[in-house]
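Heads up: the structure comes next, in structure tokens.
What follows is calculated from the coordinates using simple rules that are stated; it is not laboratory data. Worth saying up front: this structure is predicted, and the values here are computed from it rather than measured. Neighbour counts are summed over all protein chains in view; Cβ atoms, including those assigned to glycine, are modelled from backbone coordinates with ideal geometry.
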């Protein structure tokens, strides 16, 4: 049976791992490769590396870091942050990344999804969507959550699927960094609109939050950063509890 | 040495890194001539079947593959191209293994089949020697090869499909052993053992 995936996210700035609350007040907490190996050993199913400075400062994700990660770990990993072109995607995939996540660039140039998917296969293209509730619906935000595009998030996710993205990584801007739980309402809605896998992001604070995202909103994967990062929850323990709840998981 | 086919549809960095971790010697091959000096061949592949097949043809590797007697391990799209064809882009395959690839029914569940899943051994084969059925492997694919007499292990997602196939010197795995942690490494090690224990 296909298992639900647990995905630690490592936010990267200048080659180091960082994580802040609502993308501000960053704390330095380690070497990404070291952390990646630890997560992989503990039973992480995939890893996501986000160069969080990339979009704001127009910096490319560090290719050298990707190469190091790829030689050290043997589970799939995604790289994101400020990727704007098919050429940049190719560079990252050649360096050893399995997937790239695209966020601001595909909002400005939706056709990039089609071009990238055609060139590298849909499996390599993750559409990252930062959504925030505005009145009775969710809008798509870009540039690290600082700019409202006015696009309806649910409609946008239907479009990324039509354009052949392989997966959606959906971050609730309302929940990100709060540890108050995933936005179950948003996640449930998305799963009614699309049929590609959805990774829930933003708000994980407890094991129960992960159970809820999977059982209530039926997400395919849960992503979190700080709870793993500061060892508030051990991945092996999380998986043990999910397994005991009857959720299909790959044992650590 | 092992030759890794380097063409447009290969995830060659992941495969070569995995071989590095196992201490295996390899080189990248981009022509039939370069493949000739290999002890065995790894035929990786990601993305669209048609793109992959076109790239193989461009390099003139397709004909070589059809007739080689060397051990060949196809991974994901590499395995898929060993079949007669795929409904993906109406692609004609190498025709080494009988059968056609079909797309998973997205009305039933999410497509692609992406993530960690188990396989069920149907036959004994050195490639999956020592692999327990409860172990998970990493899959990413939208098209699948139906179970046939050449299937040595089946996966199950929406429908049973060929997760591991073997015919003569040709072997294929639908999952990504290079991305499947220690279980995947075991499969690659089995392939290496099979290659290096073979008599000339």
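Details
- Legend: mean number of C-beta atoms from other chains within 10 angstrom of residue C-beta atoms, peptide B:112-121, equals 6.
- Applying 0.36 nm per residue to the separation of residue B:102 and residue B:67 and subtracting their alpha-carbon distance, the gain on full extension is 10.1 nm.
- Rounded to the nearest 500, the 222 nm mean residue ellipticity of chain A from helices alone is -10500 deg cm²/dmol, with -39,500 (n - 2.57) taken per DSSP H run of at least 4 residues.
- Counting beta carbons within 10 Å around each of B:125, B:141, B:136 and listing the fewest first gives the order B:125, B:136, B:141.
- D (Stokes-Einstein, µm²/s), Kirkwood Cα radius, chain B, 1.567 mPa s at 4 °C: 79 µm²/s
- Listing B:175, B:28, A:230 from fewest to most neighbouring C-beta atoms within 10 Å gives A:230, B:28, B:175.
- Shielding by other protein chains, A:67-78, mean Cβ within 10 Å: 5
- Peptide B:130-140, shielding by other chains (average Cβ, 10 Å cutoff): 3
- Within chain A, the proportion of C-alpha pairs whose separation exceeds 33 Å stands at 10%.
- Kirkwood Rh in Å, taken over all unlike Cα pairs in segment A:125-188: 12.0 Å
- In range of the label at residue B:132: residues from segment A:235-252 whose backbone nitrogen is under 13 Å from the point 7 Å along Cα→Cβ: A:251-252
- Placing dummy labels 7 Å off each Cα toward the beta-carbon, the span from residue B:167 to residue A:236 is 4.4 nm.
- In terms of its C-alpha gyration tensor, the protein assembly as shown comes out prolate, because a/c is 1.5 or above and the ratio a/b outweighs b/c.
- From the alpha carbon centroid of segment B:157-200 to that of segment B:65-128 is 12 Å.
- Exposure proxy shown here: for A:220, A:212, the number of other Cβ atoms within 10 Å sets the order, fewest to most, as A:212, A:220.
- Extension gain from residue A:244 to residue A:215, taking 0.36 nm per residue of separation minus the Cα-Cα distance: 9.1 nm
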